[in-house]
Amino acid sequence: MRMRSSDNVLKRKQANKMSVGLKLPLAVLTDSYKATHYLQYPPSSKMVAYGEFRSGYARDKADTRLVFHGMRYLVEQYLSRQWTESDVTQADTFFRTHMGPDNSKFPFPRGMFLKFVNENQGYFPVKLECLQEGTCIHPHVPVYQITSEGEYSTLCTFMETLLTMVWYPTTVATLSRRCRDLIEEAFEKTVDLGRESPLLGSRLHDFGFRGCTCVEQSILGGTAHLLNFDGTDTLSAAYYAQFVLNNGVPVASSVPATEHSVMTAWATEKEAIDNMLEHFGAGIFSVVMDSYDYAEALSEVLPSVAAKKVEKGGFMILRPDSGDPLEAVLAALHAAEKVFGADVNQKGYKVPRGCGVIQGDGIGYDSLSKIIDGVVEAGFSLEACAFGMGGGLLQRVNRDTMSFATKLSHIVYKDGSTADLMKAPKSDPSKASLPGILAVRRVDGVPTAFPADAPEMQHVDNLLQVVYDGRPCKDDWEDFTGVRRRVAEEWSALPKTANVISHGLRHKMVQIAHDRRVSAEN
């Protein structure tokens, strides 16, 4: 549903307020060599480039699904910003000093920049198409396509550096979703309501803000995680998702929790927990238990506060923060069972009464899987466990985790001749790119790459939708609730692996490779 114009203005104002950049000239938000490419490309009247992920998460070949997310942020915060003459002047001053060893002047397309500042209200002169936020795909499906024409054609890949940054929220969203798969499977096995349990959304909590390199990273990564879970301590992401992406509707939650500084500020851990019970005992609260001696805290301190905890009636979460993660979790569960008792649910697994555990130290995909298996093997329901993921969620990923790349795929030369372009390195065939102007449609529900002019694309919606066309043109981005819904529906429906390059596109790749070999031989 298209929003009222007044709502659109408000949303743009909110997005602008969220800007956390350093206000650098847009001309320097790229790689140095990008500034010189306008002189390196052959004379042309049109260029097209696209971006893709070339592998599944961490090269996993058994499950290559991924969750595309984050382009809205890049479009609103960067691509839609108007350049000014001051931006170009500042860039000119910089590039005059950005010289090589021979002190030669570093070139940049100053004339083109000034031209679109004066003739296009400062908007960067390209068209950008991309998949909808939250679309679930496999590697090699184009996630965006950028087109430049006329005198600006050689600026096609100038914004590649910024647009490539979509790798980060997409990778975090994918990792978070894979973790949810692990948790969902265990819930289905050990929790009475299975995947329908309202507890499931809080089982993986984002602890990653303090491990981020900057506030902007926390927003992008933290929001990506919130596509799959509603538990977070990364307030920057929770606020952004709620007020910029979801029309003020809340999307995230947390609970009062101690840290070691709180525990050690009191004379004893018992006093610290008594204070928590006074303030939060009727609700859900978390207490870190290993400031001194974790085993003693479980065997001596926990029983000493049990009566008061039961009287208050709330839910106490025990948090270990050192030692072997699986051993620490099991120790907490056994202690909770001993002190408060446990019930056996309908599926035959133990659920401690009014007490659980959250493990936030050393959590990654592999360790999460190991802990879940250990908890289930010990006879406990996973509803008694939650997990906190910090650096393993927002920091321990990079562009190579799912091998993201942007490549030029089509050119119209000045004389009107055209060429579909394809990178095909002999030394690493996995880095081959797709040729031509591309489109994406579903085949049996699976997003699949096609040549844009393929017969199969006739009368079919292209999943690559225009979100910027020489100026901002999209003011009806789907709200965060809708994106969440898309992720949940598409992820479970998508096969774990699929052939996503259409027959026509694959034939074109083979033909281009053949023609290149013939040309080289001659």
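Quick notes on this structure:
- Meets criteria (in contact (Cβ under 8 Å) with a residue 40 or more places away in the chain, in a loop (DSSP other than H, G, I, E, B) and either on the phi > 0 side of the Ramachandran plot or crowded, with 19+ Cβ neighbours inside 10 Å (or both)) for PHE124: yes
- Output for segment 149-166, where each listed residue is part of a helix (DSSP H, G or I) and closer than 16 Å to TYR78 by Cα: LEU155, GLU160, THR161, LEU162, LEU163, THR164, MET165, VAL166
- Exactly one residue among GLY314, GLY348, GLY341 is of a type outside the set (A, V, I, L, M) and closer than 30 Å to ARG178 by Cβ, and that residue is GLY348.
- If the condition is being surrounded by fewer than 22 Cβ atoms within 10 Å (Cβ to Cβ) and among the aliphatic types (A, V, I, L, M), then segment 318-338 contributes LEU326, LEU330, ALA331.
- The residue pairs whose first member lies in segment 316-327 and is without any contact (Cβ under 8 Å) to a residue 24 or more places away in the chain, whose second member is of a type outside the set (Ser, Thr, Tyr) and outside any loop (DSSP other than H, G, I, E, B), and whose beta carbons are closer than 9 Å, counting only pairs six or more residues apart or on different chains, are GLU327/GLY374.
Conditions tested, residue by residue: (1) closer than 30 Å to SER176 by Cα; (2) in a strand (DSSP E or B).
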position: ALA272; (1), (2): no, no
position: ASN275; (1), (2): no, no
position: GLU278; (1), (2): no, no
position: LEU302; (1), (2): no, no
position: LEU318; (1), (2): yes, yes
position: ILE358; (1), (2): yes, yes
position: LYS370; (1), (2): yes, no
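- Residue check for LYS423: surrounded by fewer than 18 Cβ atoms within 10 Å (Cβ to Cβ) and touching a residue at least 12 places away in the same chain (Cβ under 8 Å): yes
- Test: residue in segment 343-351 that is touching a helix residue (DSSP H, G or I) at 6+ places or on another chain (Cβ under 9 Å), part of a loop (DSSP other than H, G, I, E, B) and hydroxyl-bearing (Ser, Thr, Tyr): yes
Table: residues versus (1) charged (D, E, K, R); (2) surrounded by fewer than 18 Cβ atoms within 10 Å (Cβ to Cβ).
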{"site": "GLY445", "(1), (2)": "no, yes"}
{"site": "PRO451", "(1), (2)": "no, no"}
{"site": "ASP461", "(1), (2)": "yes, yes"}
{"site": "VAL467", "(1), (2)": "no, no"}
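- A search for C-beta distances below 6 Å between a residue of segment 353-366 that is in contact (Cβ under 8 Å) with a residue 24 or more places away in the chain and among the polar types (S, T, N, Q) and any residue that is surrounded by 21 or more Cβ atoms within 10 Å (Cβ to Cβ) and part of a strand (DSSP E or B), counting only pairs 6+ apart in sequence or on different chains, returns GLN359/PHE387.
- PHE113 being touching a His at 6+ places or on another chain (Cβ under 8 Å) and within 16 Å of HIS37 (Cβ to Cβ): no
- Residues of segment 342-360 satisfying the condition of being over 18 Å from LEU200 (Cβ atoms) and surrounded by fewer than 13 Cβ atoms within 10 Å (Cβ to Cβ): ASP343, VAL344, GLY348
- Within segment 227-241, considering residues that are in contact (Cβ under 8 Å) with a residue 60 or more places away in the chain and part of a helix (DSSP H, G or I), the one farthest from GLU216 (Cα to Cα): ALA241
- Residues that are over 29 Å from TYR73 (Cβ atoms) and more than 22 Å from the chain's Cα centre (by Cα) number at least 3 in none of the strands (runs of 3 or more DSSP E) confined to segment 430-510.
- Residue count, segment 429-471 (criterion: of a type in the set (A, V, I, L, M) and over 19 Å from PHE68 (Cα atoms)): 6
- Matching option when the condition is touching a strand residue (DSSP E or B) at 6+ places or on another chain (Cβ under 8 Å), under 25 Å from GLN242 (Cβ atoms) and not basic (Lys, Arg), among VAL487, VAL440, VAL460, VAL466: VAL487
- Index of the failed condition, GLY248 passing every other in (1) farther than 22 Å from VAL357 by Cβ; (2) touching a Leu at 6+ places or on another chain (Cβ under 9 Å): (2)
FYI, it's all coordinate maths here, none of it is from the lab. Bear in mind the structure is a predicted one, so any value in this text is a computation, not a measurement. For neighbour counting, all protein chains shown are included, and Cβ atoms are generated from backbone atoms with ideal geometry for every residue, glycine included.
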